[in-house]
Amino acid sequence: MSTQTDPPAEERTATEAESGRAPGQGSGGSSRRGLTLFAVLLAVFVVPTSISGTAVALPGIGADTHASLISLQWVVNAFNVAFACFTLVWGSVADIVGRVRAFALGAGVYALASLAGALSANVVLLDVTRALAGLGGAAIFSCGSAILSTVFDGAARARAFALFGTVAGAGVAVGPSLSGLLVEGLGWRSVFGLHAAALAVVLLAVPAMARNTPAARREGARIDVAGSALFVAAMALLTTGIVQGSQWGWAGPGVLGLFAGAAVVLAAFAVVEKRHSSPMLDLGLMADRRFLALCLVPVAASFGFVTMLTYLPSYLTTVTGYSSGKAGLVMVLLTLPVLLCPMLAARLVSRGVRALTVIRLSLVCLVVGDIALNLFSADVAVVLVAVPMLVTGAGMGLSAGLVDGQALEIVEPGKAGMAAGFLNTLRLGSEAVAVAVYGSLLATVLSARVREGIGAYADAGDPSRVANQVAGGDVSGPAQAVAAGERGRFTDFLAGAYDSAFHTVLWILAVVCLVLLAVITVLLRTGRNDRPHGAR
């Protein structure tokens with residue numbers, strides 16, 4: 001038996017630092033690193049599950065609390081707005097107070113808010129708890145990815161971020177189904193109760209995470225209170241304008257006022273950040289073309305993939321006549337690549353394929369996939385559109401996680417939280433914008449199509465009102481206004497108008513993704529020498 005003793009912890013840490021490993025990355029720290037990865041991934045899974053799955057609980061919440069439509073919508077919107085407002089703030093704060101501490105605080109806030117939501121007696125209280133949950137979710141995403149970039153390096157980091165992307169995609173994909181099962185079996189309160197229970201498990205792992213995660217703080221920095229307040233105010237104005245645009249009208253004074261206010265506050269934010277010694281957002285990050293290019297990749301995914309994830313089910317039920325269950329099964333073709341492609345991307349990189357090549361391929365898939373989805377029609381065979389749906393899903397899946405790891409790799413370690421916050425702010429903010437833009441475009445084009453042919457049907461009603469109903473997936477409702485003998489033909493007319501509008505919007509989305517591909521390619525090429533240790 002060997003009598004050799006282990007060196008002191010301080011010497012081990014120094015040796016590991018000299019070798020390029022984070023403390024605990026030797027073989028003895030493998031289990032602790034695994035626990036850190038598990039805790040981060042479990043927390044990350046909860047957030048997108050909540051984003052995509054809460055809407056399923058709204059009918060039950062409305063029936064139980066007798067809430068108005070607007071109050072019910074804010075059960076979802078309050079979370080999204082708070083998430084978008086505070087993601088960057090949390091990232092910056094994490095760089096100052098410590099990433100594990102900030103992650104634990106966010107997970108704790110999310111757990112308590114979810115528990116309070118499960119016990120809420122009215123929808124107003126539920127809306128407040130959802131906003132608090134969004135606040136905690138922002139910390140989980142920003143600090144979680146920053147923790148992974150600190151604890152792992154090399155091939156291990158690539159695998160960790162691939163799992164990060166896979167789990168986030170899985171949360172989005174299974175959120176509606178999981179929430180539906182819970183609502184049907186246990187009631188809507190169980191959805192929020194499960195979130196609280198999962199994050200309680202995460203909090204149990206925090207002590208091990210703290211021991212395993214090296215400190216990477218910005219020494220001497222202080223929290224930028226003024227900058228944080230201005231940024232939150234600007235994002236609140238912007239996201240509220242986006243959320244309310246479809247209800248108030250995009251050209252209405254309320255929405256235009258919110259957008260103008262956001263622009264003014266963002267300008268003030270930029271002035272404050274330039275003068276602050278420890279800014280919440282180092283504007284120099286955006287001067288790094290490679291970092292900015294990588295941050296635009298999720299924006300392309302929002303327009304090319306998230307819009308389809310949100311609205312394609314309505315097309316399937318409205319135009320093709322699928323049941324909700326069959327539409328859900330078809331949507332697996334779109335979501336399956338999001339579960340499989342992140343690990344495929346990591347394997348390709350580990351075998352020598354350049355990470356940026358994989359990212360460019362993901363953008364090409366979004367463009368090609370959106371164009372090919374024009375094969376959809378009222379009587380299309382699923383086998384014909386299977387490949388376009390898989391390609392579109394691959395456009396999301398190949399970059400998920402990989403782009404996070406690449407973006408954080410090219411910033412200073414002490415600013416990883418800030419960088420993760422900025423990346424995720426663009427990710428969620430662009431999702432809200434893309435979904436709102438899609439809905440607005442669909443309603444506008446559909447209204448024009450309806451106006452062109454509705455005159456042939458007596459008593460059909462106001463074209464704008466009919467178009468809005470059809471855009472929401474309701475074709476049978478407007479058909480009740482016409483004569484019984486005309487209803488079948490009128491329904492076919494409305495479905496055809498929806499089909500035509502859908503294809504027009506698809507082409508617009510493909511063009512948006514193509515423009516973003518060109519911009520990202522130029523930024524990556526011109527920013528090649530921005531940093532000596534940039535992404536590959």
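Each value in this text was obtained by applying a stated rule to the coordinates, not by laboratory testing. Model, not experiment: these values are computed from the prediction. Cβ placement follows ideal geometry from the backbone for every residue including glycine, while neighbour counts extend to all protein chains displayed.
For the reader, a short list of remarks on this structure follows.
- Extension gain from Trp248 to Ala456, taking 0.36 nm per residue of separation minus the Cα-Cα distance: 71.9 nm
- Taking 0.36 nm per residue of separation and subtracting the current Cα-Cα distance, fully stretching the chain between Ala260 and Leu283 would add 6.1 nm.
- Distance between the modelled labels on Ala386 and Ala518, one decimal in nanometres: 3.5 nm (7 Å Cα→Cβ projection).
- Peptides 354-364, 229-239, 115-125 ranked from most to least packed, by the mean per-residue count of other Cβ atoms within 10 Å: 229-239, 354-364, 115-125.
- In order along segment 439-447, the Karplus-derived 3J(HN,Hα) couplings, from 6.51 cos²θ - 1.76 cosθ + 1.60 at θ = phi - 60°, round to x, 5, 4, 4, 5, 5, 5, 5, 4 Hz, and Gly and Pro are given as x.
- Here segment 348-488 is treated with +1 on each Lys and Arg Cβ and -1 on each Asp and Glu Cβ, and its dipole about the Cα centre works out to around 400 debye.
- Peptides 285-296, 396-407 ranked from most to least packed, by the mean per-residue count of other Cβ atoms within 10 Å: 396-407, 285-296.
- Stretched out straight at 0.36 nm per residue, the stretch from Ile223 to Thr317 would grow longer than its current Cα-Cα span by 28.9 nm.
- Relative contact order of the chain, pairs being alpha-carbon contacts under 8 Å that are 6 or more residues apart, as %: 20
- Under Karplus coefficients 6.51, -1.76 and 1.60, residue-wise ³J(HN,Hα) of segment 341-352 in Hz, glycine/proline x: 6, x, 5, 4, 5, 5, 5, 4, 5, 5, 9, x
- Averaging Cα coordinates gives a centre for segment 415-444 and one for segment 273-304; these two points are 13 Å apart.
- Placing pseudo-labels 7 Å out from each Cα toward the beta carbon at Ala484 and His503 gives an inter-label distance of 3.5 nm.
- Note on the chain: helix-only mean residue ellipticity at 222 nm, from DSSP H runs of 4+ residues weighted -39500 (n - 2.57) and normalised by residue number, equals -26500 deg cm²/dmol.
- Mean Cβ neighbour count within 10 Å, used as a protection proxy, ranking 492-498, 37-43 highest first: 37-43, 492-498
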